[in-house]
Amino acid sequence: MSSITPELIRNCRRCSRELAPGALACDYCHALVYSDKLDQIAAEAKALEAKGELREARERWLAGLKLLPSNSNQADWIKNHAQGLDVAANATQLPEPSGDQWAQRSEPAGEFARQDAARRNSLTGRFKLTSLLSFVVFIGIYWAASGMRFGIGFAVLILIHEMGHFIDIKRRGLPADMPVFLPGLGAYVRWQALGVPLETRAAISLAGPLAGFFAAVACAVIWWQTGNPLWAALARVGAILNLLNLIPVWVLDGGQAVLALSKAERVALLTASVVLGLALRENMFFLVALGAGYQAFFAGKLPARPSRATTIYFIAVLTALGVIIRLMPGTGLGLN
């Protein structure tokens, strides 16, 4: 296998912006400069692992470090994975002694593995505890403000939205923490987007509102079966919050998803939002239209290539949420 010698790349292949000399990631869109070579290295390393050539696989993984920013999650993952391969390689090369001799010789590797597992479990446990405690506080605040049933239901709707992001991230093999809830503000899932294509980041951003739509549908079905207005209120408020989250401004999911759209696609999103607002008689769509208009004509941040799939996904989720809002009784966030 050939060694990795980075060639000079002057412009980002994703956004076409000029790169700083020696840059490993684009300062503008965070794309990895040598993503193609990194994909090649990963494929070769995985093939070596599949054949049981663990030391060769370790060296291949480590070859990719020179192409990654030292503070990136990908670099940390490679270092940790290389350590695991080293331990596994040592274990497989030990002879097959018996009795106490085997226990004594395997102890260093076993102790390293236990310490590494303990460290990882400790960090994972801390994130899970933070997520659980913040969710309990989140429920408590909305319970106090709106009553037990609505407070718990509302908190679960937010949880389902965030789990939509979390599940979509994890199924792509990317690292992510469990959701953390901020009472009165919302919630978030922390993950590392460095080197992830804009279209993938957009899909992850839209996965939350999509999950929120399915949660709203479930509430609407229960309301239709039982006639209990609580479920209609939850369906309506869930759909509204997910719709507002699609406004294309930076802090919201819509602001992340729109980065993958070309100027023409942003204009298409604007047009679709206006049509939906008029057809469904919901003024909230005009907020989405305003955001899309700003992103199309004033933001000046356009991707190197369009993404029709993201455009269709975005408009489909907008439409689905709008239908739920339209079908539920009441106006605004209530039932009156």
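Pairs to check: Lys51/Lys170; Lys46/Lys66; Lys66/Lys301; Lys37/Lys263. Give those whose C-alpha atoms are more than 23 Å from each other in this structure.
Numbers: Lys51/Lys170 26 Å; Lys46/Lys66 18 Å; Lys66/Lys301 29 Å; Lys37/Lys263 30 Å.
Beyond 23 Å between Cα atoms: Lys51/Lys170; Lys66/Lys301; Lys37/Lys263.
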* **Cα radius of gyration and Dmax for the range 200-275 (Å)** => 14.6, 46
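Quick one: length gained pulling Ile167 to Val136 fully straight, 0.36 nm per residue minus the C-alpha distance?
Details: separation 31, 0.36 × 31 = 11.16 nm, distance 2.10 nm.
Extra length from Ile167 to Val136 when fully extended: 9.1 nm.
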* Structure fact -> Expected sort for Trp224, Trp61, Trp143 with the fewest Cβ neighbours (10 Å cutoff) up front is Trp224, Trp143, Trp61
* Structure fact -> One point scatterer per Cα, no solvent, Debye formula: log10 I(q)/I(0) for the range 133-327 at q = 0.09 Å⁻¹ comes out as -0.33
* Could you work out the relative contact order of the range 133-327, using alpha carbon pairs under 8 angstrom and six or more residues apart, expressed as a whole percent? => 19 percent
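The numbers here are math on the coordinates, done by the rules we state, and not lab data. The structure presented is a predicted model; accordingly, all values stated were derived computationally and were not measured. For neighbour counting, all protein chains shown are included, and Cβ atoms are generated from backbone atoms with ideal geometry for every residue, glycine included.
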